[in-house]
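Written out below as structure tokens is the structure these notes cover.
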Amino acid sequence: MAIATPSVTPTPQSVVTREATDITSNSATLNAIVPSGMTAGSIYFEYGTTSGAYTDSVDAERDGMSDNVSARITGLSAVTTYYDRIVAVTKPVPTISNGYTYGNEESFTTSPATPTVTPTPICKAESIDASLKTLKLKREESGNVTITVTCSDGSPSVSERVEAKIKSGKRCISISPQSAETNVDGLAIFTITATKKTGNAKVKFEAANGLKTTVTVKVKKE
């Protein structure tokens, strides 16, 4: 006599919500595991800012034939905690859960928003001046010349390149550096060094837009 085999109602495969990744101030990637062998009509994430109450949803995409699914969400608020879970709607509709299989709830907090940096407007250099018109040096002595570049409104011209060139008396002096950019105060500093030769020299300082000024250097024995 054959023994009847009891009928067994299959248990739907479980789905698991995983931690969100790639979290920014306004976006995140939601992740979950939905078994690839599970027959599903649709897979999506529910999410919102209140635990257990989800105001938004987004379709999930499966990673090839694997069990991993994910979705990228945007338009989030900075420094805000969100709650999410995976939902799988199975086919055919099973006798339990009305065809819906819900994953566990996960949460994540968005990062602070990056402040918008307003670039400092670049002014047009309009004037160039030297700290002195004549520099007197003894042989092998050094002295500094400060070049000031200003904008049309009188503010410092920052990062303006100034070139220095010895126009005459090259045997009497040397200059360092050959070029320099103005600092936050619109200043560029050059060092002029006398050689063992005496005599007069002229140094021209020129900004990138053609502004020029000249300094005379006098080198004496004593």
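The table below lists the values:
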| read-out | value |
| --- | --- |
| Answer from ALA71, ALA53 - the residue that is out of contact with any helix residue (DSSP H, G or I) (no Cβ under 7 Å at 6 or more places or on another chain) and either modelled with pLDDT of 95 or more or open to solvent by less than 40 Å² (accessible area, probe 1.4 Å) (or both) | ALA71 |
| Index of the failed condition, LYS136 passing every other in (1) loosely packed, with under 14 Cβ neighbours inside 10 Å; (2) modelled with pLDDT of 90 or more; (3) out of contact with any Lys or Arg (no Cβ under 6 Å at 6 or more places or on another chain) | (3) |
| Residues within segment 26-46 that are closer than 19 Å to SER14 by Cα and either part of a strand (DSSP E or B) or within 34 Å of the chain's Cα centre (by Cα) (or both), tallied | 11 |
| Candidate set: segment 205-222, residues that are surrounded by fewer than 17 Cβ atoms within 10 Å (Cβ to Cβ) and under 40 Å from the mean Cα position of the chain (by Cα); chosen: the one farthest from LYS165 (Cα to Cα) | ASN209 |
| Residue list for segment 160-170, restricted to those being in a loop (DSSP other than H, G, I, E, B) and farther than 15 Å from ILE189 by Cβ | GLY169, LYS170 |
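To keep it simple, each residue is scored yes or no on (1) in contact with a Ser or Thr (Cβ under 9 Å, 6 or more places away or on another chain); (2) at pLDDT 95 or above.
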site: SER157; (1), (2): yes, no
site: ARG161; (1), (2): yes, no
site: LYS167; (1), (2): yes, no
site: LYS170; (1), (2): no, no
site: SER174; (1), (2): yes, no
site: PHE190; (1), (2): yes, yes
site: ALA201; (1), (2): yes, no
site: PHE205; (1), (2): yes, yes
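The values are calculated or read from the model by the stated rules, or taken from the named source; none is laboratory data. Just so you know, these numbers come straight off a predicted model, no measurement behind them. Note that each Cβ is placed from the backbone with ideal geometry, even for glycine, and that neighbours are counted across all protein chains shown. What goes into the accessible areas is simple: the full protein's heavy atoms, side chains included, and nothing from ligands, DNA or RNA. Shrake-Rupley method; radii C 1.70, N 1.55, O 1.52, S 1.80 Å.
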